Amino acid sequence: MTGKKPPKAVGKNARTIKGGASAAGGGKGGGPRGAQKTVRVKTREKRSISSSRWLERQLNDPYVAAAKSEGFRSRAAYKLIQINEELDFLRPGQRVINLGAAPGGWTQIAVDIVQPGRTGGKVVAIDYLEMVDVPESTFIQLDFMDNDAPQRLMEAIGGAADVVLSDMAPPTMGHRKTDHLRVMGLVEAAYEFAVEILSPGGVFLSKVFMGGTEKDLLNALKKDFSKVKHIKPHASRADSSEMYVVGMGFRS
Ligand SMILES: C[S@@+](CC[C@H](N)C(=O)[O-])C[C@H]1O[C@@H](n2cnc3c(N)ncnc32)[C@H](O)[C@@H]1O
């Protein structure tokens, strides 16, 4: 084990995760049980150091193993589960927009809680990468920064949204300052979109990096939402500067 907390149970309403390989283990402390042996990569000499490190980390990551056994498409699913366990904002019947959705872990969780088929709620996801459809959700394959993206999302959701989720992250270039600016560009665009589409009381959740949210954006969020929080779920790797900002109680 890595010393990290193991994956916790799936969202409150979770039963069967749609579009997953298997039923979600909604039991207590769902995920790996007992001690895990550390796996070493045997083909080290054929790989670059960074690729060996990445592979070893994947092989030894309890969230990767749990996601596989519980039918989630990504370990990222646990981040949304944990954030929602703490802040409890996802509900059956909501209209949820999911920016940067591939491969689909967050969409699975959103669908499982919103239950669009039963409640008439909606989950609309966008990514420029391909994504296998998650049943009961709508997927748009498009760059969110494309001029048409806001309109396409608005049409698909068909009204005001209750929740806008963004887990968007551009591929890193390895240049710290450039990477930071690119991420912040996406966060700001997601935020501008959210304030256009959210209904009163709505929630905006976005991945941010470095020391949290830039001052100007944080000030804007504090004006637009009654409660603003930074949160780093256990499933977010400790050595990553990734964290999430959440605005709750949108003041329209
Ligand atoms: C960390 S992954 C999201 C994982 C996802 N939350 C899940 O649970 O499977 C980040 C995603 O953001 C997407 N992304 C980055 N920039 C984007 C953009 N401009 N438009 C759409 N998607 C974008 C990437 O393609 C990538 O799939």
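Taken together, the values in this text are just the output of simple stated rules run on the coordinates, not laboratory data. Computed from a prediction, not measured in an experiment: that's the story for all the values here. Here Cβ is always computed from backbone atoms with ideal geometry, including for glycine, and neighbour counts include all displayed protein chains.
Computed quantities for the displayed model
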{"quantity": "At q = 0.11, 0.13, 0.14, 0.19 Å⁻¹, base-10 log of I(q)/I(0) for region 77-250 (Debye sum, equal scatterers on each alpha carbon)", "calculated": "-0.41, -0.58, -0.68, -1.36"}
{"quantity": "Qualifying aspartates and glutamates (Cα of each under 13 Å from Cα of K215; at least 8 residues distant if same chain)", "calculated": "E188"}
{"quantity": "Cβ-Cβ FRET estimate between S69 and Y128, R0 fixed at 22 Å, reported to 0.05", "calculated": "0.15"}
{"quantity": "In Hz, Karplus ³J(HN,Hα) per residue of region 84-100 (6.51, -1.76, 1.60; θ = phi - 60°; x = Gly, Pro)", "calculated": "5, 4, 7, 9, 6, 10, 8, 9, x, x, 6, 9, 10, 10, 10, 8, x"}
{"quantity": "Region 177-252, relative contact order [Cα under 8 Å, separation at least 6], %", "calculated": "39"}
{"quantity": "Taking V203, V187 and counting other C-beta atoms within 10 Å, the order from fewest to most", "calculated": "V187, V203"}
{"quantity": "Over 24 Å between alpha carbons, listed pairs K79/K229; K122/K232; K177/K227", "calculated": "K122/K232; K177/K227"}
{"quantity": "Under 18 Å from the I231 label point (7 Å along Cα→beta-carbon), backbone N, region 67-88", "calculated": "75-88"}
{"quantity": "Mean Cβ count within 10 Å, highest first, over the residues of peptides 103-109, 91-97, 133-139", "calculated": "103-109, 91-97, 133-139"}
